[in-house]
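Working notes for the structure below.
Bear in mind that the values in this text are calculations on the coordinates, not laboratory data. Values in this document were obtained by computation on a predicted structure and should not be read as measured data. Using ideal geometry, Cβ is built from the backbone for each residue, glycine included, and neighbour counts are taken over all protein chains shown.
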Amino acid sequence: MTMLGDRQQLSYIASQAADARLNLELETEGMTLNIGPQHPATHGTLRIIARLDGEQVVWAEPACGYMHRGYEKLTEVRTFPQVTTLVNRIDWLGSFANEVPFILAAEKLMGVEAPTRAQYIRTILFELSRIANVSLFLGDLGVQLGAITPVFLAFRDREYVLNLIESATGGRFHPNFDRIGGLKDDLPAGWIDETRAVMKKLRSFCDQIEDLLFGNEIFQSRTRGIGVIPRDVALQYGLSGANLRASGVDWDLRRDQTLPMVWNKADWKVWTHPDGDSFARCWVRLQETRESTKIVDQLLGAIPSGPVMAKVPKIIKVPEGEAWVSTENPLGEMGYYVVSRGDLGPFRVKIRSASFNNISITPWLLRGVYVPDIVTILASLYFILGDIDR
Amino acid sequence: MAKVPGLVKGLGVTLGTLFKTTVNGSNTVQYPHEKETPPIRSRGVIALHQDNCTSCMLCSRSCPDWCIYIEAHKELAPPRREGGKPRQVNLLDRFDIDYALCMYCGICVEVCPFDALFWSPEYEYSEPNISDLLHDKTKLSEWMETVPEAPELEAGADKKKK
Amino acid sequence: MIALLAEVPYWGQSLLRVLGGLVAVLLPAGTIVYVFLFKMMSFMQSRLGPMEAGPYGSMQLFAEVGKWLQKEDIVPDRADARIFKMAPIIVLVSTFLLVVVVPFGPEAWFTDFETGVFYALAVSSVSVLGILIAGWSSANKYSLLGGLRAAGQLIAYELPMVLAVMGVVIQAGTMNLQKIVVAQNTGSMFGIDAIGHPYVISQFFGFIIFMIAIQAELTQAPFDMPIAESELVSGYMTEYSGFRFLIFFIGEFATAGVFAMIASVLFLGGWGVPFTWFGWTSIDDVANWMNFVGPLIMFTKMMLLVFIIMWIRFSYPRLREDQLQRFAWKGLIPVALINIMVTAILKVVF
Amino acid sequence: MLPKLPNVEVRQLSSNSETTTPVVDHEREQMLEAIKLSLGDSLVDSHLKSGDDLWIRVRTDSWLGSVQKLRDQHSFDYFGFLSAIDWMPSPYGRGEDDPTEPAPVRDTTIRSGYAGGDTRMQVFIRLVNSKTHLGITVKVDVADSSPSVESLITVFAGANWHERETHEMFGIDFIGHNDLRNMYLPADFEGHPLRKDFPLLARMVKPWPGIVDVEPLPGGDEEDSAQSENSDAS
């Protein structure tokens, strides 16, 4: 394998050299295009500085930090129950999924395990937040590529899922429903039937998006072969989630990891794609959404009765130790490295968010593409600004 | 499936939605004219039941954002029983929640040991001025009227603890 | 119209023509914006669109115009101010120039130009000039990229458009748009003259190419790279605000209407209905009321074509600039050339 | 299709799990043995939690080489993250002190976590074997005086941004990384926010609302009010 590190390392020098080359050989002048931080394509405040030769990118680098909220520092001054409401806001589209790994890490340190019913509900809500997140991605993808309709369809159908999350947890975007040792509350009556109906709608939404976008020849020509990430590069950069699976790595933390969650109680498939291009990444996400609806459907029927909260003391002190728990979040591997000192709050929390790794590949990936492909590639890598900057 | 080109299928989806919207109506709500009812559990605004509050400061201390301000003083109240010693009670002077800071996490409602704080699904209290988002105890008490009953639980749930 | 207005003095005629031109450009533009952009798009996206201004939001456009007119006319510091201000007007003027040759009825036209087709194709490229200078004078990189894209795209699609029209011209044997209308409505196919001979049937490939080309000329999705809001913010329009943006906005939809009119003239029989329905045999037989019904027929046909344009716009993602060029040069132009060849051969044979 | 799980006996956790039966984690033990063998001297310490995770600590001067060996010989080819940890407890606590009273003195003795440590700050990375899906946390000490360690960008290109972030947040230098610009903070920002002795301003600018207590009776408080006992948050 080539020294990719070096290549990326020298990106700045390369840009200078590219300028010089352009000026000497072609007698043209490069142009620096600043995309963002306020730009329609950066859903959030990501800034991309691109050096262009015509419409071709010579060198591009994202500059993040416009939304850095310092959660790792903030967790150090908060107690364990107070942290969940913070981490909700990391990936704000799939917020319930952010809570789970943190709570699991705290539970691991305490040696507590949530009751089975709580595990089922957690898993269902986890998958619902994945659906809410990825369905918006599928719609947003259209906007990035110039199709305006999919995003409205996505907002329409995501609303059903958000309504479900809200009626169960009370929070539309920030559920804060997980507690160490279980859940805050049980599900309200009628929720299961409602969820089944919504899952049906979401499946038809997936079909609609497939017809509207994925089957569209224009969409395919825009995404196929654009932004190819080979398998070994994906691993080196620590890509995760659909980005990794689209590069042909069959790895899903929901399946390949033992956690007190109940994904293994459902029958579902981990989709991979050998191409590693933008289309593959989008397609894997589409299939994932479908699988998620299947998981939810199966688990809904299997929820056992019982309590949703294990016996934990009212004032939670987590024993000394270190724990790493990561889960397969909508955006990829989201993990918390929690260090406790037996105090009320964590001593240090390292938040390993998926988008940070996923987007760190862009300087490597954006070389030599056209300006429209910047948008395609960023859209297909799928990041949430809060998840990059934390 | 390969027979119908994707370009045509896409047109079919938009046309289908056009007809569906014409026949079944849209999925949007014309907000100021019609409103959606938020679910019972919605965390809209925190209501304060003043009589239950003992000014124990628990909510203020467990608030991650430091947005609950409580001031109280002690007073002697007439005894409960005839001839008993006069009781000491805490009287609430100030109970403010700064909704400009609040993260709507609900920890205060949960930790309250005396059932003095409740969630209400009301959401229409935006203000043009940020300082008006500081709700004092009178305003917080007014929200009490809007607090709904807790919802029934799904089959198989343990009976409610609290 | 000449005959109708024979008694009116020249200045009166001119005034009426200007007013007629305004109506012919702005009325379709307004209708297109309301019916398609506000309502059809919304319904295709499961929503209602504007509902507050007027019944079903029908006055929304006036509200928007009012809003835009109130806005400050901002010119960027480093922009080339005079040219920057001129650009939107050039774009709109090209639309007015275009509508001049469109016939709306047997005698309802602005000019009965013998080489109308030639003229229409020529002035349709004037808007490129406006867009290019808008992009260049804004002193904005996004605008520049958008303007350059627009120039490349409009020039690339001018050619297939011309070539597609060639087929019609060969078949009709004239460049006069009025005569093309008459030729379609008096013609017959295989001896059946019930529907006349609209060229959309015999020139089907020409029609498709022409529609694709005007889709690109109008910079509607999937050919909207010059605007490309997710890449270039708003392309050449990025720096425009207030009434200058309004002019661009009107220009976009007015041009859509006028191009659709030209397409309906060339391929759908324009203002006419098959003359045999009423027993007419030539343009001289056409009843006078056709001067009033004709524009309505024309309008209906135009709306049908704009519906297709907008439907595609709301459904498709955007192509990339290089794919667009490839599509024009490697796809459309060869097909158009073959179409001309076949048409010419058939014309000679029959 | 039931998922294939790694060959680890599932830990039986119950809500009061003092009596967890110790499970034997053959895979991780073998892994640790192999790592011990190949790293030799470089490996300073290790910690294995059966069925959970593996921590190792390597010598600072062999950081790059060790990680390279882990990648090439033990196929830890997936880069999870790189970060650092400051083991000195914060002198500011959670910022809940009363500003009118003298600041309490807090115990700031440095106590390291799993796999030990000799310095205040440690850099650690998370690597995963993409075949067996077993992970490992590798720690390395960084000297207190001039915290620096070799950069990993030649082994894992993805370490680039993580090292930039760590440099910015902890002030740790990564030798061989020549692009350690700030990612989040302005270029002229002073201090390293994630170091424990960096105060969190948001918690300094206003006093904790929980400091105040119920005002006692004017005539003195004979009986302790039971309610204010609840001030458990320290």
**OP:** Sorted from largest down, give the three principal axis spans of the alpha carbons of segment B:45-146, whole angstrom values.
**Re:** 53, 26, 22
Original post:
Which of A:GLY171, A:VAL312, A:VAL228 sits closest to the plus end of the dipole of chain A, meaning its Cα is farthest towards the positive end, when Lys and Arg get +1 and Asp and Glu get -1 on the C-beta?
Top reply: A:VAL312
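Give a quick list of trypsin sites (Lys or Arg not before Pro) in segment B:1-57 that DSSP marks as loop, anything other than H, G, I, E or B, with at most 13 other Cβ atoms within 10 Å.
Working: sites: B:LYS3, B:LYS9, B:LYS20, B:LYS35, B:ARG41, B:ARG43; in loops: B:LYS3, B:LYS35, B:ARG41, B:ARG43.
Listed in order of number, the matching sites are B:LYS3, B:LYS35.
Filter chain C for me: DSSP H helices, axial length by Cα at least 27 angstrom, mean Kyte-Doolittle hydropathy not below -0.5. List them by residue number. Working shown, then result.
Values: long enough: C:10-31 (31 Å, 1.10); C:81-99 (29 Å, 1.95); C:141-172 (46 Å, 1.12); C:242-267 (37 Å, 1.83); C:290-315 (36 Å, 1.62).
Flagged H segments are C:10-31, C:81-99, C:141-172, C:242-267, C:290-315.
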Subject >> Gain in span if fully extended, B:TYR31 to B:LEU15, counting 0.36 nm per residue against the direct Cα distance >> reply: 3.2 nm
Original post:
Can you tell which of A:LEU153, A:ALA354, A:PRO40 lies farthest toward the positive end of the dipole of chain A, using +1 and -1 charges on the Cβ of basic and acidic side chains (Lys, Arg; Asp, Glu)?
Top reply: A:ALA354
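Within segment C:63-148, report the GluC sites (Glu not before Pro) that DSSP leaves as loop and that have at most 11 other Cβ atoms within 10 Å. Walk me through the intermediate numbers first.
Working: sites: C:GLU64, C:GLU72, C:GLU107, C:GLU114; in loops: C:GLU72, C:GLU107, C:GLU114.
Answer in residue order: C:GLU72.
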Original post:
Cα centroids of segment D:33-73 and segment B:1-66: how far apart, whole angstrom?
Top reply: 50 Å
**OP:** Using only Cα atoms, find the angle between the long axis of helix A:11-21 and the longest principal axis of chain A, and express it within 0 to 90 degrees, rounded to the nearest 10.
**Re:** 20 degrees
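Of the listed pairs D:LYS49/D:LYS196; A:LYS108/A:LYS314; C:LYS301/C:LYS347; A:LYS350/D:LYS206; C:LYS85/C:LYS141; A:LYS108/D:LYS36, which have alpha-carbon separations greater than 21 Å here?
Values: D:LYS49/D:LYS196 27 Å; A:LYS108/A:LYS314 18 Å; C:LYS301/C:LYS347 27 Å; A:LYS350/D:LYS206 27 Å; C:LYS85/C:LYS141 18 Å; A:LYS108/D:LYS36 27 Å.
In this structure, D:LYS49/D:LYS196; C:LYS301/C:LYS347; A:LYS350/D:LYS206; A:LYS108/D:LYS36 lie more than 21 Å apart at Cα.
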Original post:
Would you list A:VAL270, D:VAL155 from fewest to most Cβ contacts within 10 Å?
Top reply: A:VAL270, D:VAL155
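Scan chain A and hand back the longest stretch that contains none of the GluC sites (Glu not before Pro) lying in DSSP loops with at most 15 other Cβ atoms within 10 Å.
Working: sites that count: A:GLU27, A:GLU29, A:GLU320.
Result for the longest clean stretch: A:30-319.
Return the FRET efficiency for the residue pair A:GLN298, A:ASP232: r is the Cβ-Cβ distance, R0 is 30 Å, and the value is rounded to the nearest 0.05. Before the final figure, lay out each step's value.
Details: r = 35 Å, r/R0 = 1.17.
My answer for the efficiency is 0.30.
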Subject >> Reach of B:LYS20 by Cα under 23 Å, taken over lysines that are not fewer than 8 positions away in the same chain >> reply: A:LYS200, A:LYS201, B:LYS9, B:LYS35, C:LYS39
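Within 10 Å of each candidate Cβ there may be at most 15 other Cβ atoms; applying that plus a DSSP loop requirement, which trypsin sites (Lys or Arg not before Pro) in segment D:42-72 survive? Show your work: numbers first, answer last.
Values: sites: D:LYS49, D:ARG57, D:ARG59, D:LYS69, D:ARG71; in loops: D:ARG59.
Answer in residue order: D:ARG59.
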Subject >> Span from the segment C:15-88 Cα centroid across to the segment B:96-162 one, whole angstrom >> reply: 45 Å
Original post:
In nanometres, what is the gap between the two model label sites at C:GLU7 and C:SER241, each 7 Å from Cα along Cα-to-Cβ?
Top reply: 5.3 nm
Subject >> Helical contribution to [θ] at 222 nm, DSSP H n ≥ 4, -39,500 (n - 2.57), averaged over chain A, rounded to 500 >> reply: -14500 deg cm²/dmol
**OP:** Determine the distance separating the Cα centre of segment A:353-389 from the Cα centre of segment A:200-252; give it in Å without decimals.
**Re:** 14 Å
Original post:
Using a cut-off of 20 Å between alpha-carbon atoms, which lysines can reach A:LYS265, once sequence neighbours fewer than 8 places away in the same chain are excluded?
Top reply: A:LYS294, D:LYS4
Original post:
On a 0 to 90 degree scale, rounded to 10, what angle separates helix A:149-169 from the longest Cα axis of chain A?
Top reply: 20 degrees
Original post:
Angle, helix B:6-24 long axis vs. longest principal axis of chain B, Cα atoms, 0 to 90°, nearest 10?
Top reply: 60 degrees
